[in-house]
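Input: a single structure, listed below in structure tokens.
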Amino acid sequence: MMSRLSILILLIISACSSDGTNRNPYLQEINFRFEANLNLPSYSPLTNTGSAVYIPSDLAGTRGVFVINSGFDQFRAFEGSCPNHAPNDCSTMVLNGQTATCSCEDYEYSLFTGQLLNRPDDENRYYDMLEYRTSISGGSVIIFN
């Protein structure tokens, strides 16, 4: 019985990882809640699958938020600041159809997945976009963190 208990404890200890979560060192996660009313002209493009909008930083996120209608009444929202360097003069990304582009180094990110599309082939660590939570309430998309 004692050997079984020892083996169980050893398995539990070895299963724990000291890596922790791979948090992005460049972006702070801030708390906010924003309601995008789909009946307003600014957010009405979100009624169409594949359409995206940018919500400015004075309303949500650190450098604003990109929101896309990913289909079947599902919405995804991502931080508007490039995740691969600290916020600066060029780090606010630009909406380009279904991608967001960072003007600092022309990194492109998919708004469907948040993934870096043109990831450099080197040994450096690159981060995907910081995603925020979304929910639907009536005719509005709620974006929050």
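The values are calculated or read from the model by the stated rules, or taken from the named source; none is laboratory data. Computed from a predicted model, the values in this text were never measured in an experiment. Because the Cβ atoms are built from the backbone with ideal geometry, glycine has one as well, and the counts that use them run over all protein chains shown.
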**Asked** Filter segment 52-75 for residues that are assigned to a strand (DSSP E or B), out of contact with any helix residue (DSSP H, G or I) (no Cβ under 8 Å at 6 or more places or on another chain) and polar (S, T, N, Q); which is surrounded by the fewest Cβ atoms within 10 Å (Cβ to Cβ)?
**Response** 74
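Taking only segment 76-98 into account, find how many residues are part of a strand (DSSP E or B), surrounded by fewer than 19 Cβ atoms within 10 Å (Cβ to Cβ) and within 15 Å of the chain's Cα centre (by Cα). Reasoning before the result, please.
Taking segment 76-98 and keeping what is part of a strand (DSSP E or B), we get 76-79, 81, 92, 94-96.
Still in the running and surrounded by fewer than 19 Cβ atoms within 10 Å (Cβ to Cβ): 94-96.
Now restrict to residues that are within 15 Å of the chain's Cα centre (by Cα): 94-95.
Matching residues across segment 76-98 total 2.
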**Item:** Of residues in segment 7-25 being assigned to a loop (DSSP other than H, G, I, E, B) and more than 19 Å from residue 145 (Cβ to Cβ), the one modelled with the highest pLDDT
**Value:** 16
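State the number of residues belonging to segment 26-44 that are touching a residue at least 12 places away in the same chain (Cβ under 8 Å) and outside any loop (DSSP other than H, G, I, E, B). Show your work before the answer.
So the first thing to find is which residues in segment 26-44 are touching a residue at least 12 places away in the same chain (Cβ under 8 Å), and the list is 26-39, 43.
Narrowing the set further to residues that are outside any loop (DSSP other than H, G, I, E, B) leaves 33-37.
Number satisfying all stated conditions: 5.
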